[in-house]
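Next up is a structure, given as structure tokens.
The values are calculated or read from the model by the stated rules, or taken from the named source; none is laboratory data. None of the values given here were measured: they were computed from a predicted structure. Because the Cβ atoms are built from the backbone with ideal geometry, glycine has one as well, and the counts that use them run over all protein chains shown.
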Amino acid sequence: MGDSPLTSEARARHVAIIMDGNGRWAKKRALPRAIGHQRGVEAVRRLVRGLEPMGLDCLTLYAFSSENWKRSEDEVDDLMNLMRKFIKSDLPDFVANDVKLHIIGDWRSLAPDIVEMLEDALAQTANGSKTIAVALNYGGQNEIARAAAEAAKQGEVTTASIEAHLDTAVLPPLDLLIRTSGEVRLSNFLLWQAAYAEMLFVETLWPDFQPEHLADALEDFAQRERRYGGRK
Ligand code: IPE
Ligand code: IPE
Ligand code: MG
């Protein structure tokens, strides 16, 4: 844990972020939404580079929801092209930062060239010691339905058997879920995993998000008392 002041009990292992507010960031500056998304990618890049001292085992980022297809064709194209560019330009950074990529959601139905790039990125980062999970074409309800169907195929449907088939089955339990931009809703993100996660809603628009904001969130988390329904 290095020189982190937090006790191991209070330390968050798995944080997830709903990276929201790119459009409003652009609108405030009378810029196209595409620029907001570009600046959003830069915020992701800063975070990946600044992750080491936070001591997380896993950071999960909501990048594209299964409902985001409802946006204009132009915006969806912009987002897909940004994804292509980001994988190309930032894969070496992932490897250099000892990051293992994991993807959740129905990503295999994205464009074939993106699927291929992602498969390559998964292979190249397979030995990383901490995980960045990216939610792509992700919907929490769909994830639960797929996991339940798989559990039923293999035997009894229980909370444990569903959990074992979630896209997040290999990740540590979710400790903290953050949403930027002031919206206070889950927008179909990690519905199952959020059962006992702590939540933090911040006003910062995603392109303005700095690694220090995550460090602050982790300090906030460390002060919370998690009870899981029980009492000491
Ligand atoms: C988040 O920013 C990025 C994606 C959903 C892909 P938005 O594009 O939702 O930004 P707002 O909510 O319109 O400000
Ligand atoms: C959630 O944000 C999805 C991502 C951040 C990728 P949205 O902007 O799509 O959510 P709503 O539409 O405001 O609920
Ligand atoms: Mg939004």
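Residue-wise test of (1) away from ligand 3 (no atom under 16 Å from the Cβ); (2) over 18 Å from Ala217 (Cα atoms).
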| site | (1), (2) |
| --- | --- |
| Ala30 | yes, yes |
| Arg39 | no, yes |
| Met54 | yes, no |
| Ser72 | no, yes |
| Asp78 | no, yes |
| Lys85 | yes, yes |
| Leu91 | yes, yes |
| Asp98 | yes, yes |
| Trp107 | yes, yes |
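Restricting attention to the range 176-201, and to residues there that are within 16 Å of ligand 1 (Cβ to nearest atom) and buried (at least 19 other Cβ atoms within 10 Å of the Cβ), which single residue is farthest from the chain's Cα centre (by Cα)?
Top of the filtered list is Ser181.
Let me ask something else about it. Can you tell me which condition Arg108 does not meet? The list is (1) touching a helix residue (DSSP H, G or I) at 6+ places or on another chain (Cβ under 8 Å); (2) within 23 Å of Leu174 (Cα to Cα), and all the others hold.
Arg108 satisfies every listed condition except (2).
Which of the following residues is modelled with pLDDT of 95 or more and surrounded by 19 or more Cβ atoms within 10 Å (Cβ to Cβ): Ile144, Ile104?
Within the list Ile144, Ile104, the selection yields Ile104.
For the range 52-70, indicate whether the set of residues that are surrounded by 15 or more Cβ atoms within 10 Å (Cβ to Cβ), assigned to a loop (DSSP other than H, G, I, E, B), small (Gly, Ala, Ser) and more than 9 Å from ligand 2 (Cβ to nearest atom) is non-empty.
yes
Of the conditions (1) in a loop (DSSP other than H, G, I, E, B); (2) exposed (fewer than 15 other Cβ atoms within 10 Å of the Cβ); (3) over 15 Å from the mean Cα position of the chain (by Cα); (4) at negative phi, Pro172 clears all except one; give me its number.
With (1) in a loop (DSSP other than H, G, I, E, B); (2) exposed (fewer than 15 other Cβ atoms within 10 Å of the Cβ); (3) over 15 Å from the mean Cα position of the chain (by Cα); (4) at negative phi applied to Pro172, the lone miss is (3).
Would you mind stating whether Val157 is part of a loop (DSSP other than H, G, I, E, B), of a type in the set (A, V, I, L, M, F, W, C) and over 15 Å from the mean Cα position of the chain (by Cα)?
It is true that Val157 is part of a loop (DSSP other than H, G, I, E, B), of a type in the set (A, V, I, L, M, F, W, C) and over 15 Å from the mean Cα position of the chain (by Cα).
Tell me whether the range 16-34 contains one or more residues that are away from ligand 1 (no atom under 15 Å from the Cβ), surrounded by fewer than 16 Cβ atoms within 10 Å (Cβ to Cβ) and more than 27 Å from Gly140 (Cβ to Cβ).
The answer is no, given that none of the residues of the range 16-34 is away from ligand 1 (no atom under 15 Å from the Cβ), surrounded by fewer than 16 Cβ atoms within 10 Å (Cβ to Cβ) and more than 27 Å from Gly140 (Cβ to Cβ).
Being farther than 19 Å from Asp220 by Cβ, touching a Gly at 6+ places or on another chain (Cβ under 7 Å) and not aliphatic (A, V, I, L, M) is the filter here, so list the residues in the range 180-198 that pass it.
Selection gives Asn188, Phe189, Trp192.
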